[in-house]
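Bear in mind these aren't lab numbers, they're just calculated from the coordinates by the rules spelled out. Remember, it's a predicted structure, so these values are computed and weren't measured experimentally. Neighbour counts are summed over all protein chains in view; Cβ atoms, including those assigned to glycine, are modelled from backbone coordinates with ideal geometry.
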Amino acid sequence: MKKGLLIVGLFFLVGCSSNPQEVSVDGYNGEIVLQVKVNHDKIEEIEILQHQETQEVVEKPLQEMIDHILEAQSLNVEVISGATDTCHAVLQGIEKALLQAGFSYEQIYRPYTPIVQEATAKSKQYDVVVIGAGGAGLTAAISAAKQGAKVAVLEKMNEIGGNTVQATAMYNCVDDELQHPLGIYDSEEIFFQETYEGGHRQAKPELVRVLTSQADEGKQFLESLGLKFDTVIDNCLGGAHARGHYSLAHNGTDYIQVLKQACLDLNVDIYTNTAAHEIMKVNDTVVGVEAVNEGNKIIFEATSGVVLASGGFARNVEMRMQYNRLLTGEMLCSNARGNVGDGIIMAEKLGANLIGMEYIELYPMGDVYDGGLRNSIPNAINHGILVNYLGERFIREDANRDELSTALLNQNQGFAYSIVDDDYSNNENERIYLEGLVLMGQVYKADSIKELAKLLEVDELILKTTIEKYNQAVDEQYDLLGRETLYNKIDRAPYYATMKKPTIHHTLGGVEINEKTQVLDTQGHVIDGLYAAGEVTGGIHGANRLGGNSFPDMIVFGRIAGEQAASHS
Ligand code: ADP
């Protein structure tokens, strides 16, 4: 273990009584021990005491990040360069230390406006400027560039990908070829109805219609760019119907790789570490974006249009609590750090109407340590059950995401064990993945229900009875809790289980758009030259989102936004 790498940032040391908080977190290669000194509400010093990370890799990025935090006096920093896993671990450690020191989440993530060098302002000319390099932004950039537009994409973080890269990434669309052999019957109309009803009729029906009628075309667009889809079709968690497609990576990484490559091929300029701060309007028309890169102001002129694709606001504790007081900083969150609602705030300043802001989706099966979406048992919902701390089922596992999350939060300690037997998958990659999780200690594996009960510290008789009753429901194809997806019994060892908690996942509200993705103001009029797509928008999912619908959302509306922005004059 390396000791004594000292990365110290000093801030106002004179005359301060310090109160060091020492914490340890899991880094990329092992434990990282760090110490944070505070004085009242000031962060004075952050020191890495011990680590096993590669020195050359972590030293510069970590130093930069710590300097930034000390300057900002906030963890709401935009720059996390290189060595990302290590930086994220250190951020987690600093958060832990500050909580120990009595800071609130609001203090820890207080808004920070960097000092901008106005004098050095540069100006760049483009036809279309896209804010945000997640799935929606990159898609918009591609479709604008395909129309012949010169396009810039601005990304505030050091890396592109946003939430898209972290998602479980199922893509819902009707697909007779894969669905019929499995006895699954579907249609655009069923897809529309399930999406609209699933959102408790709070979405704008015309937007749901666009989503559900163009999802298939969106998938073909991705395939034309080189994205390969697996041949499985599945029901995403809270998905209502088995119409979910996986790309080969079974997550968002290959989407972003393919979209990025297409941008490069089409000569789209992607500016990372470049945060949009203001959307510029002249004579009622949006004409560009003011952004900041490393403290320097850059004006990106957009002669055709601006596409807002800056994602949601789940990472902004203050903003999410403004709409739902229950979503405090203590709650887990699956989102990328850049998703703090910048785009919504900028658009609102221009008069954009916001809709559905109170609908903030919790993903029921978050990782209990970091709120992420990974480390889950494959097919756990379709092939397994959920039990509470007593070992009892408490909800039909195929319920909507909002019902599942509420049911989990209502259990003692707000968690559930997800349990499957050996029949959870025939896919070799999924089986290798799960054994990896077992080795990492993320998933329990047991040769009998008795052993499983012991590992989970639940009463053996209760767990046995729960599983017997569930197996009986599968035999009879009737479940007292109302579950309809009664595919397989839990009766073949080994058994696997993991603990899951709801995590704040997707902000369903945002700027209001019409079918052409034009942003609307509070009077229902179009804001000329401004388009929006992806999680920054509201009105597409309503009050609850069907699992598997966010990917078609960003592709379908991203494509429209890019085309519209490029053809606007
Ligand atoms: P979507 O699914 O809608 O594409 P993502 O979360 O995948 O949403 O992507 C949104 C991206 O926008 C993220 O990479 C985020 O860092 C970026 N972003 C957020 N605010 C800004 C901003 N002010 N300037 C530039 N990029 C931003």
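Mind checking the alpha-carbon convex hull of region 94-216 and giving the volume per residue in Å³?
Numbers: hull volume 27.9 nm³, N = 123.
Per-residue hull volume (Cα only) is 227 Å³.
Using the structure shown, list the pairs from Lys146/Lys260; Lys150/Lys281; Lys156/Lys501; Lys146/Lys349; Lys454/Lys500; Lys150/Lys297 with a Cα-Cα distance above 23 Å, or answer none.
Cα-Cα > 23 Å for Lys156/Lys501; Lys146/Lys349; rest within.
Expressed as a rounded percentage, what relative contact order does region 421-522 have, with Cα pairs under 8 Å and six or more residues apart?
With pairs under 8 Å counted, the relative contact order is 32 percent.
Can you give the alpha-carbon Rg of the chain over 2.2 N^0.38 Å, where N counts its residues?
Its radius of gyration relative to the 2.2 N^0.38 Å reference: 0.98.
Assigning unit charges at the beta carbon (Lys, Arg +1; Asp, Glu -1) and nothing else, what dipole magnitude in debye, to the nearest 20, does region 350-435 show about its Cα centre?
Here the size comes out at about 220 debye.
Could you let me know the centre-to-centre spacing of region 402-465 and region 345-394, using Cα atoms, in angstrom?
Going from one Cα centre to the other spans 18 Å.
Taking the Cβ-Cβ separation of Met440 and Glu31 as r and a Förster radius of 25 Å, what is the calculated FRET efficiency to the nearest 0.05?
Step by step, r from the Cβ atoms, then E = 0.95.
For region 452-569, list log₁₀ I(q)/I(0) at each q in 0.14, 0.19, 0.21, 0.23 Å⁻¹, using the Debye formula over Cα point scatterers of equal strength and ignoring solvent, two decimals each.
Those come out to -0.74, -1.02, -1.15, -1.25, one per q.
Pop out the Kirkwood hydrodynamic radius of region 217-322 from its pairwise C-alpha distances, inverse of mean 1/r, in Å to one decimal.
On the way: mean 1/r = 0.0575 Å⁻¹.
It works out to 17.4 Å.
Of Ala249, Asn410, Leu327, which is farthest on the positive side of the dipole of the chain, counting Cα position, with +1 on Lys and Arg Cβ, -1 on Asp and Glu Cβ, and the Cα centre as origin?
The residue sitting most towards the positive pole is Leu327.
Determine one quarter of the surface area of the Cα convex hull of region 322-453, which equals its mean projected area, and express it in nm² to one decimal.
Values: hull surface 40.9 nm².
Result: a mean projected hull area of 10.2 nm².
Work out from phi, with θ = phi - 60° and the Karplus expression 6.51 cos²θ - 1.76 cosθ + 1.60, the ³J(HN,Hα) of each residue of region 360-371, listed in order in whole Hz, and give x for Gly and Pro.
10, 7, 9, 8, x, 10, x, 5, 5, 8, 10, x
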